[in-house]
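Heads up, the thing below is written out as structure tokens.
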Amino acid sequence: PTQLAARAAYLLRGNDLGTMTSAAPRLYPHMWSWDAAFVSVGLAPLSVERAVVELDTLLSAQWGNGMIPHIVFANGVDGYFPGPARWAVRDLAADAPSGLHTSGITQPPVHAIAVQRILDHARRRGRTTRGVAGEFLDRRWPDLVRWHRWLAHARDQQEHGRITLYHGWESGMDNSPRWDAAYANVIPGDVPPYVREDQMVITDASQRPSNVEYDRYMWLVEEMKMSKYDDIALNSTMSFAVEDVFVSAVFSVACDVLATIGEEHSKPHADVRDLRSWADRFRAGVIATTNERSGAARDFDVRSGRWITTETLAMFAPLLSGGLPRDTERNLLRLFDGPRFCGHPDFKFALPPSTSPVARDFRSREYWRGPVWPVITWLFSWAFGRRGWTERSLMLREEALRQASDGSFAEYYEPFTGEPLGSMQQSWTAASVLDWLG
Ligand code: DGY
């Protein structure tokens, strides 16, 4: 284990561009929003100072409206598509920052979790380190609250207690079969020509989204540009709009985590009160989607008015945010443990696959259509620990460390064979390992 931790630390140093860590060396050579949050979780045990720098860089790219963009582009780095020219946010979006280049969409709000981990580590260190973390919190508290306020207002305009996404990439689970039906209704118009850089890095096409999918991804970017990335306009113009139950659960937890941090550090009472009210609203919003017997949650396709029932990780959203009746929660945990998910008899490790192996749309090697993502295991393990399910949390950690012992720090793994897939040297995979071993 010491050796694995050393290798993970070495990996993060290798991916360190100075004030940001690239999500992965070649496939993702910039900073991604939720990657950056997890990366700072992994940096915290190595250096609280460096972890704080990571979040500072991300937050310095925050938009005027409060959105944290899904990519902050590294200066002078090419080799990723769509890059700054394609997003064109500085030409079109009134809210885009002027000092640096970003994308024009967002990603799951896991940042408060990272702040909590950083403060935890700082507490155990000396006075100087505690000072660094405390100053960070004072400096960035208003930005963190602004970020949450934007999600609660701009992305839940009807106050359903669920976050609306306008691009599958905003879910972080880009090509999950959850989004297939919604994407089927996206009819690409004139998409300016493009070259997929990702296929030059990952040459096995079966591990990445298809070209048909990419045309839709790119068309949605064009639609956003036509609406100038305006929060109100997007709500009516985008041909893709879904309520993501998993992101909503993450948001609920993140609001509670941030509220607790606020209380412990004497932040404005009004902010804390708002955060708690969003935590409650989104917890209830998640519960409202669940099946009465199984407890499984569902996304909602806003454009077609249909519930999305694909068997994926999204079903387990209420395990993160809580609020299910005891018996129902037990049923959902049984589903999580059972043969439709972690407990499939032929799985190499008892870990949650991105899509159920018995689902029609399951693909064992393809990105979010089946593979196991270590960072998602981390998120469940963290959330289970937080809910007081210590043994479950440790079991996931144990299995994930066995999976990671191959030393590839892969982006995702084939569930039956344990083959590492996608990008190797993925920063957030190393970060998960560091937190577990830290
Ligand atoms: C990619 O490029 O595949 C990313 O996941 C988009 O954010």
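The values are calculated or read from the model by the stated rules, or taken from the named source; none is laboratory data. Computed from a predicted model, the values in this text were never measured in an experiment. With ideal geometry, Cβ positions are generated from the backbone for all residues, glycine too; neighbour counts draw on all protein chains shown.
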Quiz item: Out of all the residues in region 205-223, which are away from the ligand (no atom under 14 Å from the Cβ) and within 19 Å of G83 (Cβ to Cβ)?
Solution: D215, W219, E222, E223
Self-check item: Qualifying positions in region 171-195 - assigned to a loop (DSSP other than H, G, I, E, B) and within 16 Å of the chain's Cα centre (by Cα)
Solution: G172, M173, D174, N175, S176
Practice problem: Output yes when any residue across region 32-43 is part of a loop (DSSP other than H, G, I, E, B) and within 15 Å of the chain's Cα centre (by Cα), and no when none is. | Solution: no
Self-check item: Matching helices (runs of 4 or more DSSP H) fully within region 261-341 where at least 2 residues are under 21 Å from Q116 (Cα atoms)
Solution: 269-287, 317-321
Quiz prompt | In region 172-199, the residues that are among the hydrophobic types (A, V, I, L, M, F, W, C), in contact (Cβ under 8 Å) with a residue 40 or more places away in the chain and surrounded by 12 or more Cβ atoms within 10 Å (Cβ to Cβ) | solution = M173, W179, A181, A182, V186
Self-check item: Given (1) modelled with pLDDT of 95 or more; (2) away from the ligand (no atom under 16 Å from the Cβ), number of the condition G168 does not satisfy
Solution: (2)
Practice problem: Would you check which residues across region 1-31 are of a type in the set (A, V, I, L, M, F, W, C), more than 21 Å from the chain's Cα centre (by Cα) and either part of a helix (DSSP H, G or I) or within 16 Å of the ligand (Cβ to nearest atom) (or both) and list them? | Solution: L4, A5, A6, A9
Practice problem: Search region 97-119 for residues being more than 16 Å from the ligand (Cβ to nearest atom) and more than 26 Å from S252 (Cα to Cα), and hand back the single one that is modelled with the lowest pLDDT. | Solution: G99
Quiz item: Going by the conditions given, is L421 buried (at least 21 other Cβ atoms within 10 Å of the Cβ) and not basic (K, R)?
Solution: yes
Quiz prompt | Among the candidates W87, W141, W63, residue that is of a type outside the set (D, E, K, R) and either under 18 Å from A259 (Cβ atoms) or out of contact with any strand residue (DSSP E or B) (no Cβ under 9 Å at 6 or more places or on another chain) (or both) | solution = W141
Quiz item: Which residues, counting only those in region 415-438, are in contact with a Phe, Trp or Tyr (Cβ under 6 Å, 6 or more places away or on another chain) and in a helix (DSSP H, G or I)?
Solution: W428, T429, A430, A431, S432
Quiz item: What are the residues in region 11-39 that are farther than 13 Å from A430 by Cβ and without any contact (Cβ under 8 Å) to a residue 12 or more places away in the chain, if any?
Solution: G18
Quiz item: For region 402-414, does any single residue satisfy the condition of being crowded, with 24+ Cβ neighbours inside 10 Å, hydrophobic (A, V, I, L, M, F, W, C), over 18 Å from the mean Cα position of the chain (by Cα) and assigned to a helix (DSSP H, G or I)?
Solution: yes
Exercise. State yes or no: is R90 in contact (Cβ under 8 Å) with a residue 12 or more places away in the chain, of a type in the set (K, R) and outside any strand (DSSP E or B)?
Key: no
Self-check item: Residue check for R276: within 22 Å of the chain's Cα centre (by Cα) and surrounded by fewer than 18 Cβ atoms within 10 Å (Cβ to Cβ)
Solution: yes
Self-check item: Exclusive hit being out of contact with any Gly (no Cβ under 9 Å at 6 or more places or on another chain) and either within 12 Å of the ligand (Cβ to nearest atom) or closer than 27 Å to L55 by Cα (or both), set D156, D231
Solution: D231
